[in-house]
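Here's the structure we're looking at; comments come further down.
Here, each number is a calculation from the coordinates, and none is a lab measurement. Just so you know, these numbers come straight off a predicted model, no measurement behind them. Here the Cβ positions follow ideal geometry from the backbone for every residue, glycine too, while neighbour counts run over all protein chains shown.
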Amino acid sequence: MVSQQLAEAKVKLHQKKERTQAVVLSGVVAFVVLFLIALLNLINPGTTTFFALRPVDPAEQLTVSQLGLQRFLTWMTIAVIALVAPYGFFLGAKQRDIKAVERRLPDFLRDVAEAGRFGMTLAEAIVVSSSGRYGKLTPEIKKMAAQISWGVPATEALRLFSERVKTPMTGRIVSIIVKSSDAGGDVADVLTMVSHDAKEAQLTEDERRITMSTYIAVIYISFLVFLVTICILNATFLPKMREASNQIGAGSALSGQSPLAQDLPGVIFNIKIAFFIAVFVHGLGDGILAGVLDNGKIPNGLKHSVIMLLIAVVGFQLI
């Protein structure tokens, strides 16, 4: 019975890994499909009007190749969003669940320590404490209690719990408890000490996150300011370029020497493409930076990158 329950626990851990792989695979498949659409727009834009996100503005005076490049960059950005969005938001949801579990872990350790002071063993204290309410931590505690009731050693049940939750804090706490139990010391005192340490670590982490949230807000504001600046340039600077070119070409002797008069639509198009690429790099990089500031991990910034790139795509379609 014990070996069967251990095997079932390992199967569940494997299923979680498969779920992560499925999320990553879905993003890759979506990226490939959207990337093919982007290539179709680049190779033969004249026959892919079905993939246009907005009608062509005659005032832009775009050639077929320029129109294809514009649509290629737009769909390529959407493909990148589809690639990182599933894993980014899946990882974000997973981190929220882990934080919710870790939030109640000190309370559980305190209750186990109190039960241990009444002469109970570690296994008996865990089973007794499993009747409490610890939010999202409750199902994991009940699994531990069930495994102990089936004959699994308390240290092995704690190790399986650590593998299921799989966070640095949980791994460190379980390692300390297991070593203390194997050494034959007073586990109740160790649990009390670990509970206080975990609580202090959470308070420190909360203070750090509050401080870093200010910098994350600054990143979003700077990105939006960059977009607004581009919108202002598109509404004021580029039309003035067109007016100046028309005046030069109306009879001035410099009309043949002015690159604006010779290929004004091409110059304006190149400026807009430069704006779009700059916003793409800005959004992707700033999102990753926001994730690093949030909890020190690059993958957690992917959801911020997705949000910024979506804002960029929608903004440029409106501009």
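Here are the numbers for this structure:
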{"read-out": "Where labels lie 7 Å past Cα in the beta-carbon direction, separation of residue 39 and residue 172 in nm", "value": "4.8 nm"}
{"read-out": "Under 13 Å from residue 94, Cα to Cα: aspartates and glutamates that are on another chain or at least 8 residues apart", "value": "102"}
{"read-out": "Of 166/303; 166/297; 142/297; 272/297; 179/297; 240/303, pairs whose Cα-Cα distance is over 27 Å", "value": "142/297; 272/297; 179/297; 240/303"}
{"read-out": "In nm, spacing of pseudo-spin labels at residue 214 and residue 242 (7 Å Cα→C-beta vector)", "value": "4.5 nm"}
{"read-out": "Sites residue 234 and residue 65 - FRET efficiency at Förster radius 25 Å, r taken between beta-carbons, to 0.05", "value": "0.70"}
{"read-out": "Length added when fully stretched, residue 206-residue 26, from 0.36 nm per residue minus Cα-Cα", "value": "61.5 nm"}
{"read-out": "Inter-site label distance for residue 96 and residue 274 at 7 Å from Cα along Cβ, in nm", "value": "4.1 nm"}
{"read-out": "Centroid-to-centroid separation of segment 269-296 and segment 101-161 [C-alpha atoms, Å]", "value": "46 Å"}
{"read-out": "Segment 66-120: chymotrypsin sites (Phe, Trp or Tyr not before Pro) in DSSP loop, at most 11 other beta carbons within 10 Å", "value": "118"}
{"read-out": "Difference of contour (0.36 nm per residue) and Cα-Cα distance, residue 199 to residue 118", "value": "26.8 nm"}
{"read-out": "Burial ranking of peptide ranges 174-181, 23-30 (average Cβ count within 10 Å, highest at the top)", "value": "174-181, 23-30"}
